[in-house]
């Protein structure tokens, strides 16, 4: 069970001695929206399928996962990545969290400060002159940055 | 629409970034600035760099015999699949330094001439910061004599500190005295400390030490004329002696693939490479290869081994330039890269934020331009 938060729910249910006779159970996930959840479910199913297909060959699993991840990234908008990270974190889905963190790092690594602030919904909270000082000190790190 | 991402998740994203981006993102917000410059983050990021072998860079120091004051430094990105990028000139803290040793993205530079005071600098070239060590006098004995110093730079994992060692030997005329002065500088404490213990040896042969597993190593000669390997542990400040794996050839030490590497070199004849597979276990000395005539189209001499290729079948080595030695095929092939200087020495770096609180390496050209404005 990859969604550890969901697993936790089932474990809690069993501990309370509620017989889960019904085949469908509604699990409340108030912090996850349906779109990212759908992507995570697909990711999870794909991951398990690839793992099963390549039971003994770890390298093949990694290779196939990488290919799938590249394809997935083409379909996901960069702005959706933060949603996916939050969802994967809430669900305690380690592999997906790791993947989406890597994807975000890749997406922002050559971007400007302004882009990053917009991406994470942040604002500059520096005192007057503080930011200018930092920018001057580390001017070299701004060279070759992607245009917004 | 962006969602607020809590700092703990930001902390899972940031260590994966190249250090140039991390430096730039110090300007995003106060919170990011505090996070990135924290010592915990530095540790995290370094672990991640080491694990994923990311931000790998070679630092090349041009060796111009004719114009030593104009030796330039270059950085060359080195990818996961053993490909070299373009060499780009970088700014170094002052000129005419030699590379002493390197570790975790730090390069230790030394300027030393016999009978003159030395200058030592620890430098993080990827974030352009450095720290110059304070000059430390040699506590000369009462009678007049000359001294000669040897140096080493390495990491002490027990104290999580980076250290420089200086061993001074003394001469009365041509006669070597039977005592040494050992001092160690710690990057954390930023000061020198004298080691009171005496070395259990007669003479040191290595020009500089080799650092591994929190210890410095030298080829030494003991009283009974036996040549061995001396190890000095930085944490518990103890000396230990190891047997060499062979007695033929000029003995030289290095580090390769995280193991102590011993080379027996006979000029124009062979260069024999052994690794101590289990540190401290003399029985684990294993020959990994021997370069013999025909394997390389140039004179066989001491070639410094730098690193293994990703599949472990080749070794990147330093001659006047760089070459790959294929262990199975027993063939050496020069690395052809037009952007490399003709002759150089190499240090290997990974991305780290160590010395973020150090001094800036000022680009002399930029400084001149500023003054003009």
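Each reported figure results from applying straightforward, stated rules to the coordinates on display, with no laboratory input. Just so we're clear, the structure is a prediction, and the values are computed from it rather than from any experiment. Cβ: placed from backbone, ideal geometry, glycine included. Neighbour counts: every protein chain shown.
Before moving on, here are some points about what is shown:
- Whole-Å semi-axes of the protein assembly as shown's equivalent ellipsoid (Cα gyration tensor): 48, 29, 24
- FRET efficiency, 1/(1 + (r/R0)^6) with R0 22 Å, evaluated for residue A:92 and residue A:52 via beta carbons: 0.50
- Across every direction, the projection of the convex hull enclosing the Cα atoms of the stretch B:137-288 has a mean area of 10.1 nm².
- Choice from B:158, B:195, B:59 showing the highest fluctuation, given a GNM over chain B with Cα pairs closer than 10 Å: B:158
- For chain B, the relative contact order is 16 percent, taking Cα pairs closer than 8 Å that sit 6 or more residues apart in sequence and dividing their mean separation by the residue count.
- Ordered by the count of other Cβ atoms within 10 Å of each Cβ, fewest first, B:161, B:233, B:80 give B:80, B:233, B:161.
- Based on C-alpha pairs under 8 angstrom that are at least 6 apart in sequence, the stretch B:1-86 has a relative contact order of 18 percent.
- With the simple model of a label 7 Å out from the Cα in the direction of the Cβ, residue B:283 to residue B:31 spans 5.8 nm.
- With all projection directions averaged, the alpha carbon convex hull of the stretch B:7-82 covers 7.1 nm².
- Volume per residue of the C-alpha convex hull in chain B, rounded to whole Å³: 187
- Stretchable slack from residue A:142 to residue A:41, in nm (0.36 nm times residue separation minus alpha-carbon distance): 32.5 nm
- Among B:49, B:206, a tally of other beta-carbon atoms within 10 Å of each Cβ gives an order, fewest to most, of B:206, B:49.
- Site pair residue A:126 and residue B:194 shows an inter-label distance of 4.7 nm when each label is modelled 7 Å from Cα along Cα→Cβ.
- Peptide A:71-82 is shielded by partner chain Cβ atoms: per residue, an average of 1 of them sit within 10 Å of its Cβ.
- With both labels modelled 7 Å from their Cα along Cα-to-Cβ, the residue B:176 to residue B:236 distance reads 2.8 nm.
- Whole-angstrom gap from the stretch B:107-168 to the stretch B:268-302, using each part's C-alpha centre: 30
- Size of the stretch A:21-148 from its Cα atoms: along the principal axes, largest to smallest, the extents are 64, 36, 21 Å.
- Chain B, helix-only ellipticity at 222 nm - DSSP H runs n ≥ 4, -39,500 (n - 2.57), divided by all residues, nearest 500: -3000 deg cm²/dmol
- Largest GNM mean-square fluctuation among B:198, B:89, B:222, using chain B with Cα springs under 10 Å: B:198.
- Förster-model FRET efficiency, 22 Å R0, residue B:47 and residue B:348, C-beta, rounded to 0.05: 0.80
- The three principal axes of the C-alpha atoms in the stretch B:85-209 carry coordinate ranges of 51, 33, 24 Å, sorted with the longest axis first.
- GNM flexibility winner over chain B from B:356, B:35, B:133 (Cα, springs under 10 Å): B:35
- 18 Å cut-off, amide nitrogen to a point 7 angstrom out along residue A:4 Cα→Cβ, residues in the stretch B:1-34: B:6-13
- The stretch B:1-133: C-alpha gyration tensor shape, a/c 1.5 cut-off, then a/b vs b/c: prolate
- Tensor-based shape of the stretch B:246-311 (alpha-carbon gyration tensor, a/c under 1.5 rounded, otherwise prolate or oblate): oblate
- This ranking places B:20, A:75, B:132 by how few other beta-carbon atoms lie within 10 Å of each, fewest first, which gives A:75, B:132, B:20.
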